[in-house]
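S.K.: The structure follows.
The values are calculated or read from the model by the stated rules, or taken from the named source; none is laboratory data. As the structure is a computational prediction, the values presented were derived from the model and not from experiment. Please note: Cβ atoms are built from the backbone with ideal geometry, for glycine as well, and neighbour counts cover all protein chains shown.
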Amino acid sequence: MDARQRVAINIRRLRVSKGISQDDLALAADIERSYTGHLERGGKNPTVATLEKIAEAMSCDIAELFTPVLDSADPVKPLKSGRRPPR
């Protein structure tokens, strides 16, 4: 597994574990929502500045985005789809 794929898996894992949608992560990190999807699929190479913004938006240390991922790890289940009720 290359570094880009490791970061992709960890962004998704952390985002889902915190119950944050891709839209909300993109807004909080000040990045395009579609770019968030590309990052989670390993399709784009993020800059260190982008990784820092993502880590801050998810209230985690940037190092967590580089955590080793076991090949035998179960895929991350998606969040429940649909609109959330207004706050």
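S.K.: Quick check on this structure: which one of 17, 81, 21 is among the polar types (S, T, N, Q), modelled with pLDDT under 95 and exposed (fewer than 10 other Cβ atoms within 10 Å of the Cβ)? Step through it out loud before you land on a result.
M.R.: On the way: 17 fails: exposed (fewer than 10 other Cβ atoms within 10 Å of the Cβ); 21 fails: exposed (fewer than 10 other Cβ atoms within 10 Å of the Cβ).
Only one candidate passes the filter, namely 81.
S.K.: Turning to a different aspect of this structure: Pull up region 43-57, narrow it to residues that are of a type in the set (Val, Ile, Thr) and surrounded by 12 or more Cβ atoms within 10 Å (Cβ to Cβ), then point me to the one that is nearest to residue 69 (Cα to Cα).
M.R.: It comes out as 54.
S.K.: With more than 10 Å from the chain's Cα centre (by Cα), in a helix (DSSP H, G or I) and under 12 Å from residue 64 (Cβ atoms) as the only criterion, which of 13, 6 stands out?
M.R.: When all the criteria are applied, what remains is 6.
S.K.: Follow-up. What number of residues in region 16-38 are part of a helix (DSSP H, G or I), under 15 Å from residue 55 (Cβ atoms) and in contact with a Ser or Thr (Cβ under 8 Å, 6 or more places away or on another chain)?
M.R.: Here the count works out to 3.
S.K.: Among the residues of region 24-42, which ones are of a type in the set (S, T, N, Q) and loosely packed, with under 15 Cβ neighbours inside 10 Å?
M.R.: Selection gives 34 alone.
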